[in-house]
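Data first, discussion second: the structure below is written as structure tokens.
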Amino acid sequence: MTIDGIQCEAEPGEYLLSVARRHGIEIPTLCHHDALPGQASCRLCVVEVIERGRRSVVVSCVYPASDGIEVLTKSDKIKRLRGNILCMLRERAPADVGLDALCLEYGATPDERFYQDRDEKCVMCGLCAKACALLGASAITTAMRGAFKKVTTPFEEPSPECIGCGACSRTCPSGAIELTEIGGKRQIWGKTFDLLKCADCGRAFATPEEMEYLKKKGVILADSENLCAECRKKAAVAELP
């Protein structure tokens, strides 16, 4: 297959986005995360595919590669589509400064047809809710529909299921989920958690609720629960023969 005229090889089942990036061809995304693939919600990664003489616009992060196809990631049509998408994202999330460079690149300017001032920073990529669900906590979810859709806790109250791990905040591409750590405490989603300090390096690294959850899941062993991830790795290497 070719991408922008470059001959590329793909593994069976591999998607166009990963093939392109592996060959040094950059395609913009907001909702893609290597640990949480398959979102296909922001649509910024659209590309043109030419197969057997027919052209179609596809979402590259979920479109499988196949023999003999030609992929165009920067055609005039694709640039125009991405510009329109960015216009809508900018109107929904005007406070997301991360969109500025993309809007400039694709000439995306404000359009009064699109929604105004929705959710400030949130671009509704869904990564945060997916990360929380895969972790098993499911403390946050999407609510409402259309222009009023948002990520929130049940009934917009502090969720009893939230363990304060911060996975949602770390995967958020726009900084819409606020997480603060001050004086040995972490605040997120209207809840305050104490932070444990690593027994080796002394760095605050996790909440007691998070570590208890990980122990129950068998992710970490009881004898390493007082160590941060980096120190656990060092301890594991030290035990190797």
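Quick notes
- Residue within the range 178-187 that is modelled with pLDDT under 95, of a type in the set (Ser, Thr, Tyr) and closer than 21 Å to Lys121 by Cβ present: no
- Among the candidates Lys233, Lys185, Lys149, Lys215, the residue that is within 30 Å of His32 (Cβ to Cβ), over 24 Å from the mean Cα position of the chain (by Cα) and surrounded by fewer than 18 Cβ atoms within 10 Å (Cβ to Cβ) is uniquely Lys233.
- Considering residues of the range 138-167 that are β-branched (Val, Ile, Thr) and assigned to a strand (DSSP E or B) only, the residue nearest to Leu102 (Cα to Cα): Val151
- Taken together, the residues in the range 200-241 that are of a type in the set (D, E, K, R), over 24 Å from Ala137 (Cα atoms) and touching a helix residue (DSSP H, G or I) at 6+ places or on another chain (Cβ under 9 Å) amount to 2.
- Boolean, Glu161 is within 24 Å of Ala35 (Cβ to Cβ), without any contact (Cβ under 8 Å) to a residue 40 or more places away in the chain and of a type in the set (Asp, Glu): yes
- Within the range 135-161, restricting attention to residues that are among the polar types (S, T, N, Q) and out of contact with any helix residue (DSSP H, G or I) (no Cβ under 7 Å at 6 or more places or on another chain), the residue that is nearest to Tyr213 (Cα to Cα) is Ser159.
- Any pair with Cβ under 9 angstrom, 6 or more apart, that starts in the range 136-156 at a residue that is in contact (Cβ under 8 Å) with a residue 40 or more places away in the chain and ends at one that is among the polar types (S, T, N, Q) and surrounded by 14 or more Cβ atoms within 10 Å (Cβ to Cβ): Ala137/Ser159; Ala139/Thr153; Ala139/Ser159; Ile140/Thr152; Ile140/Thr153; Ile140/Ser159
- Scanning the range 103-123 for residues that are surrounded by 13 or more Cβ atoms within 10 Å (Cβ to Cβ), of a type outside the set (Val, Ile, Thr) and modelled with pLDDT of 85 or more yields Cys103, Glu105, Tyr106, Ala108, Lys121, Cys122.
- Count of residues meeting criterion [out of contact with any Asp or Glu (no Cβ under 6 Å at 6 or more places or on another chain), surrounded by 13 or more Cβ atoms within 10 Å (Cβ to Cβ) and either in contact (Cβ under 8 Å) with a residue 24 or more places away in the chain or not charged (D, E, K, R) (or both)] in the range 1-24: 13
The values are calculated or read from the model by the stated rules, or taken from the named source; none is laboratory data. These numbers come from a predicted model, not from an experiment. Glycine gets a Cβ as well: all are built from the backbone with ideal geometry, and neighbour counts include every protein chain shown.
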